[in-house]
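**Q** Pasting a structure below so you can have a look.
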Amino acid sequence: MAITHSTDSYPKVAFIGLGAMGFAMSTHLVRTGFPVIGYDIYGPTLDRWQSTCNDIPGSKAATAKSPLEAVKDASVVCLMVANHHHVHSALFDEKVGAVHGLPQDCTVIIHATIPPTEPSAVRSRLTEEYKRADVKLIDAPVSGGAARSVNGTLTIMAASDSPKNLEQPDARIVLDNVASKGKTLFIIPGSLGAGQSAKALNQVLAGIHIPAASEIMGLAAVTGVDTQKFYDTVTAKDAASGNPPVGWSWMLDNRGPRILSSDPPMASATLIINKDVGIIRDEEARLNVELPLLNAASDILKEVMKTHATADDSCIAQYYLGFGSDRINRVVELAGKPSVAAGEQQQSLIQDLATAHGIIHLISAYETITFAKALDLMGPEQRKRWFNMISGAAGGTTIFSEVIPRAFEDPEGVEAAFKKYAKEKFGGALDKTISLVKHAKSQGYEPRLLEAAVDHFRKFVQA
């Protein structure tokens, strides 16, 4: 249940880390009426943040010169920094770390995406090294991107070492106000790290679906269909049910307009998803679990990182088509101008492409539930929470929403559920998808994720 305050009683918030996400989250809090002290290690960002806040009517925002200065008199400290090393630096720096000035009984919320083992490490340092057992700690990574940060509709996965911390009024009002007034705040059963584990499940999907969105748009281009029509088809909701079609993903829906633009805005750098996928790969090693499709996506991201780390990740479509090649802008060029005949031929190809994208989503859903088992997140309440969370977050797909509940409920187990679903949903799709792959490769186009997905899909439908 959301906790309400009057605007005059909003708690004072220290917000450390004002990158794209932190900037948007913190300025949303300022617009809502919170008194916010902002800090970022990069001076120009801090100046831009203060200028933005100055333009907000009734702003109660100010800046600090260090984490230590920022947390003075704060009831809630939010950390939205790049990685766990920065979390430790912001909190525990010998000279300017926040720990040296944290008020008694304040709450620290870690919004950054970090390894699931790290929140407990922070707790240990607070309690044992600095004797600050009074400081409450909440593990609360977010999903939804900068656009949803601006209007306070992020999906947040929150956990703590005491359930009471998640109901503490000052902390809860901050969380609620950046998570759709609490509607998209998911309390994950378990202790510190459970929020990061739930986020990691979402990022298995996001880490596959970001390059997959580019791959399928590039594949549409080399197939010769109207790329805008393909995008419109695969993102259109059914008039009767309101459900999106096979092949829909949150990531394609979100990235598609940028992939189709000749001058896309900078919204989410490749290095961000690469960092998150790197955390998952480290967890794979720690947990002795293998996620082949995620690993294939990771390899693609690493190649793009060599030259386009700070570019918007929609540039992955250009990677597939060839950076510097004469067809680099093929997706944009075929928007509204297909090279195949319009009509039934094009519509059939569009449907085959949507189905191919859905096959990738089937395997990404399977790897997500595999990872959930390894993370010990398959208890009835746990799986209910992460399924509901992911379904409405950046990892969501039509296929995920359909197949995962069946996998939970099938008395024969997850593997059997996926095989049954694959045969029912994608019967007859294997040959057409293989044909798409062969045609693409004959054009010098390598749909690597689709190939990897087909390898596993074949085992489902031919068993």
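The values are calculated or read from the model by the stated rules, or taken from the named source; none is laboratory data. If you're wondering where the values come from, they're calculated on a predicted model, not measured in any experiment. FYI the Cβ positions are ideal-geometry reconstructions off the backbone, even for glycines, and counts take in every protein chain you see. Only protein heavy atoms, including side chains, enter the accessible area calculation; ligands, DNA and RNA are left aside. Shrake-Rupley method; radii C 1.70, N 1.55, O 1.52, S 1.80 Å.
**Q** Order the peptides 195-207, 270-282, 412-424 from the highest to the lowest mean number of other Cβ atoms within 10 Å of their residues.
**A** Numbers: 195-207: 27.6, 270-282: 20.0, 412-424: 16.5.
Packing proxy ranking, top to bottom: 195-207, 270-282, 412-424.
**Q** How large a share of the accessible area of the stretch 284-374, in percent, is made up of carbon and sulfur atoms when the probe is 1.4 Å and the other protein chains stay in place?
**A** Roughly 48 percent of what the probe reaches on the stretch 284-374 is carbon or sulfur.
**Q** A follow-up question, please. In the full protein assembly as shown, how much of Lys136 is accessible to a 1.4 Å probe, in Å² to the nearest 10?
**A** Its accessible surface works out to 40 Å², give or take rounding.
**Q** What relative contact order, as a whole-number percentage, does the stretch 1-157 give when Cα pairs under 8 Å and 6 or more residues apart are counted?
**A** 22
**Q** So for the stretch 89-150, averaging the separation of alpha carbon pairs under 8 Å that are six or more residues apart and normalising by length, what relative contact order in percent results? It would help to have the intermediate numbers written out before the result.
**A** Details: 54 pairs, mean separation 22.7, N = 62.
Reported as a whole number, the value is 37 percent.
**Q** Now, a different point. What does the accessible area per residue of the chain come to in Å², with a 1.4 Å probe and no ligands, DNA or RNA counted?
**A** 40
**Q** Per-residue ellipticity at 222 nm for the chain, helices alone: DSSP H runs ≥ 4 residues times -39500 (n - 2.57), over residue total, nearest 500 deg cm²/dmol?
**A** -17000 deg cm²/dmol, from helical runs alone.
**Q** Now for a separate question. In debye, nearest 20: dipole of the stretch 185-257 around its Cα centre with unit charges on the Cβ of K, R (+) and D, E (-)?
**A** 200
**Q** Further, regarding this structure: So, in Å, what gap is there between the alpha-carbon centers of the stretch 418-447 and the stretch 206-268?
**A** 18
**Q** Also: Considering the options Gly58, Thr45, Ala221, tell which one lies farthest towards the positive end of the dipole of the chain, charges being +1 on Lys and Arg and -1 on Asp and Glu at the Cβ, about the Cα centre.
**A** Value: Gly58.
**Q** Between Asp410 and His100, what is the spin-label point distance in nm, taking each point 7 Å from the Cα along the Cα→C-beta axis?
**A** Going by the 7 Å Cα→Cβ label model, 5.8 nm.
**Q** In whole Å, what three semi-axes, largest first, describe the equivalent ellipsoid of the chain built from its Cα gyration tensor (square root of 5 times each eigenvalue)?
**A** 40, 25, 19
**Q** Let me ask something additional. Where nothing but the Cβ of Lys and Arg (+1) and of Asp and Glu (-1) is charged, how large is the charge dipole of the chain around its Cα centre, in debye to the nearest 20? Can you show the working numbers first?
**A** Values: 45 positive and 50 negative charges, 57 e Å.
So the magnitude is around 280 debye.
**Q** Which peptide among 138-147, 213-222 comes first, and what is the full order, when sorted by highest mean count of other Cβ atoms within 10 Å?
**A** Numbers: 138-147: 24.0, 213-222: 27.6.
In descending order of packing, they fall as 213-222, 138-147.
**Q** A further question follows. Report, in whole Å, the centroid distance computed from the Cα atoms of the stretch 95-110 and the stretch 10-59.
**A** About 18 Å separates the Cα centre of the stretch 95-110 from the one of the stretch 10-59.
**Q** Summarise the accessible area of the stretch 375-463 (1.4 Å probe, protein heavy atoms) by the percent that is carbon and sulfur.
**A** 47
**Q** Here's something else I'd like to know. Which of the peptides 14-21, 435-442, 453-460, 88-95 is most tightly packed, and how do the rest follow, judged by the mean count of other Cβ atoms within 10 Å per residue?
**A** 14-21, 453-460, 88-95, 435-442
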